Amino acid sequence: DLVAFIGPNGAGKSTTIKMLTGILNPTAGSARVLGLIPWEFRLELAYSIGSVFGQKSQLLWDIPPIDAFYLNKAIYAIPDRVFKRTMENMVELLDLKDLIRKPTRQLSLGERMKCEFIMAMLHQPEIVFLDEPTIGLDVIAKDKIREFILEMNKKGVTFILTTHDLSDIEHLVRRV
């Protein structure tokens, strides 16, 4: 599925995403993601979910994204063949072939965000939480990321998206 979770600034969208990914514990209430309570089963859930936060980076500033990808390969124990196939597919879809070997600090915001998507999805999660993933991006970068999300969704990945960008909602989601 592709679902948008919208509301005004301060409504709790990002906080909710952080609870659904297990980063924050709620003060009340309950939630389940893939049948698990996220804040109680954070480690187990981490292998089945991914996240892209428009304001937070998973990349390391001084090393090329490809090195960070290999770090995630080790963390998630991704088999060599699966890693190679997945990475090459995503790099091609996002048009990053020559850029993943440049230090992250030399990449534009749009190039970094594309790499963030690869970081979040190398382990082939079932659900990916997107918190303002296109914030500050130019039209071309936004379009490429939207194409990537739609392609990954066709392959069975569920996306939950927070955004203030109505174009993201119009181009991507089926439910709000």
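The values are calculated or read from the model by the stated rules, or taken from the named source; none is laboratory data. Quick caveat: nothing in here was measured; it's all calculated off a predicted structure. Here Cβ is always computed from backbone atoms with ideal geometry, including for glycine, and neighbour counts include all displayed protein chains. SASA here: full protein model, heavy atoms, side chains in, ligands and nucleic acids out. Shrake-Rupley method; radii C 1.70, N 1.55, O 1.52, S 1.80 Å.
Close amide-amide hydrogen proximity is noted between PHE159 and LEU2, VAL3, VAL128, each under 5 Å apart and 5 or more residues distant or on a separate chain (H modeled in the peptide plane; Pro and chain starts excluded). Inter-part distance, the stretch 136-155 to the stretch 7-43, computed on C-alpha centroids, equals 25 Å. Its Cα gyration tensor gives the stretch 125-176 an equivalent ellipsoid, and the semi-axes of that ellipsoid, as √(5λ) in whole Å with the largest first, are 17, 12, 10. Can you pick out the pairs among LYS13/LYS73; LYS56/LYS155; LYS13/LYS154; LYS84/LYS142; LYS18/LYS97; LYS97/LYS142 whose Cα atoms lie more than 21 Å from each other? Beyond 21 Å between Cα atoms: LYS13/LYS73; LYS56/LYS155; LYS13/LYS154; LYS84/LYS142; LYS18/LYS97. Structural descriptor for the chain: relative contact order 34 percent, calculated from alpha carbon pairs under 8 angstrom and at least 6 residues apart. Here the Karplus relation 6.51 cos²θ - 1.76 cosθ + 1.60, evaluated at θ = phi - 60°, turns the backbone of the stretch 103-115 into coupling constants of x, 3, 4, 8, 8, 6, 4, x, 5, 5, 5, 4, 5 Hz, with x for every Gly and Pro. Does the stretch 78-154 come out rounded, prolate or oblate by the C-alpha gyration tensor, with a ≥ b ≥ c the root eigenvalues, rounded set by a/c under 1.5 and, if not, prolate when a/b is larger than b/c and oblate if not? Oblate, because a/c is 1.5 or more while a/b does not exceed b/c. Here Kirkwood radius over Cα pairs in Å was computed from the coordinates, and among (1) 21.4; (2) 16.5; (3) 16.9 the match is (2).
Normalised by the residues of the stretch 23-124, what does the relative contact order come to in percent, with Cα pairs under 8 Å and at least six apart? Once divided by the residue count of the stretch 23-124, the mean separation gives 35 percent. The residue among LEU122, ILE78, VAL3 whose Cα reaches farthest toward the positive pole of the charge dipole of the chain, with charges on the beta-carbon of Lys, Arg, Asp and Glu, is ILE78.
May I ask you to give the solvent-accessible area per residue for the chain, in square angstrom, as obtained with a 1.4 angstrom probe?
For the chain, the solvent-accessible area averages 54 Å² per residue.
In the chain, the DSSP beta bridges split such that about 10 percent are antiparallel, to the nearest 5. Tell me whether the stretch 84-123 comes out rounded, prolate or oblate; compute the Cα gyration tensor, take square roots of the eigenvalues as a ≥ b ≥ c, and use a/c under 1.5 as the rounded threshold. Prolate is the answer for the stretch 84-123, as a/c is 1.5 or above and a/b outweighs b/c. Taking a ≥ b ≥ c as the square roots of the eigenvalues of the Cα gyration tensor, the stretch 8-73 is classed as oblate, since a/c reaches at least 1.5 and a/b does not exceed b/c.
Taking a sphere under 14 Å around the Cβ of GLY7 and counting the other residues whose Cβ falls inside, with K and R at +1 and D and E at -1, yields a net charge of -2.
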